[in-house]
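Worksheet: one structure, shown below.
The values are calculated or read from the model by the stated rules, or taken from the named source; none is laboratory data. Given the structure is predicted, the values throughout are model-derived calculations rather than measurements. Neighbour counts are summed over all protein chains in view; Cβ atoms, including those assigned to glycine, are modelled from backbone coordinates with ideal geometry.
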Amino acid sequence: MPNQSVPPRVSGPTPVGPVFSAIFPTLSIPSHHRPAAIPDRVALNEILDDVEAPVEWSEEDIVFLHWRLLAEVSCLADPATPLEEIFDTLRWVFSEREKDGLPFSFVSCLYVVGCSPLSPIAYCGRVDAEEIRDRIRHNLKSWLDASLERFPDWVRDAVISNPAWVAARLARNPQWINEQVKRISAQGDLFA
């Protein structure tokens, strides 16, 4: 039996094309299918919300957590994803390169999910994180356009012209846009 503690030798990162849909299935083909072994969000929240019982993390649990973090990237393609979550995910994916080696960084999650025999996806080896980032960058405009269609023009203009300002407001108050939309509809737009 092969020693699973020793990772297989890989000369370089695996090209992203064949593994992109395995790691991010909803980015290539929209699907709401969940493998049976993956607990739903309600079951996961019940486990994590129980403050009385200490959480015992197995290696499989840790690999699953890496996979779950990567699964959040697929929410970028969903127009119903809240803007705050979009900004949080983008900050994580495009964080400073110095953070790439830290536990649970985007690059670390790609490595763990791609190389672990306990991963919920088939083994694909090291994946080129920059190629994944390039694919996200390439699709980002269309995803943001689809997400922003549900908002009034002033919100779209604010996100396009000053995304950092909007992200800062949402970080302080996730309901900021809803409150502003409600306030403007009650008062009427003074500049319309």
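Annotations
- Of the residues making up region 94-127, those that are farther than 14 Å from Leu69 by Cα and small (Gly, Ala, Ser) are Ser95, Gly101, Ser116, Ala122, Gly125.
- Pick from region 135-166, criterion part of a helix (DSSP H, G or I) and of a type in the set (Phe, Trp, Tyr), ranking: nearest to Ser74 (Cα to Cα): Trp143
- Close pairs (6 angstrom Cβ cut-off, 6 or more residues apart or separate chains): within 21 Å of Phe94 (Cα to Cα) in region 58-77, of a type in the set (Phe, Trp, Tyr) anywhere: Val73/Phe24; Ser74/Phe24; Leu76/Trp143; Ala77/Trp143
- Out of Ala186, Ala167, Ala158, sole residue that is of a type in the set (A, V, I, L, M), exposed (fewer than 12 other Cβ atoms within 10 Å of the Cβ) and not assigned by TED's automatic domain parsing to the domain that holds Asp88: Ala186
- Candidate set from region 56-107 (those that are of a type in the set (Phe, Trp, Tyr) and outside any helix (DSSP H, G or I)); member that is nearest to Asp134 (Cα to Cα): Phe94
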